[in-house]
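The next block holds one structure in the form of structure tokens; read it before the comments.
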Amino acid sequence: MPKTTDQNAPGAKTLDESTVAVLVAVAEHFRTVRPTEPLECTDLLVCVGAEAYNAVGRRLDGSSARLAEAALAAMPRTFGGITRGETVLRIRAAVLAAGHDWTDGDNDPAIPRIPSPRIPAKVPRQPGPDQSAAPICCGRTMRHDGTQWVCPKCKGWTDTGRTALTLVPSPAGEVAL
């Protein structure tokens, strides 16, 4: 399982690929989510645990706990007042000191992969109000706007108090919603 061991050089550590993957995922999260806010201990613990859980395929067999412990042991020590963005820099330094690569986007492909074009779903048009029952103003049929009928020429309006789909008057004693 993932282990963090001391090398011959003082302060240098070797990290296995799964531990590095967790550290990189934690750094990416802190880089993109509120990087200017102070880092809280609980944020660090939860993020490392969640990324370890994701790294092991979301299994509940204890492997994520062991991986999270290894990642926390490899995590550079942070003290109060450090921001989440500064933590990313310290994690990067720890990963590089252990001999692993850290891509800054320079190694991204020249032509990025773009997902298939997004075609908007065609939403069927809802039937509008019956224009044959629309009031007439200035010799033109008024258009419906909310609960009002508006004249396209003079912008005069009349409020029916009901939506355009209920133009038929309700029978006496019946409540229209």
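What follows is calculated from the coordinates using simple rules that are stated; it is not laboratory data. What you see is a predicted model; the values in this text were computed from it and never measured. Cβ atoms come from the backbone with ideal geometry, glycine included; neighbour counts cover every protein chain shown.
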request  = Take each of the peptides 28-34, 133-139, average the number of other beta-carbon atoms within 10 Å over its residues, and list them starting from the highest.
outcome  = 28-34, 133-139
query = According to a simple spin-label model (label point 7 Å from Cα along Cα-to-Cβ), what is the distance in nm between Asp159 and Thr78?
reply = 5.5 nm
note = The simple spin-label model distance between Ala50 and Thr14, using points 7 Å out along Cα→Cβ, in nm, is 3.3 nm
task = Express in nm, to one decimal, how much length is gained between Leu60 and Arg34 on full extension, taking 0.36 nm for each residue of separation and deducting their alpha carbon distance.
result = 6.4 nm
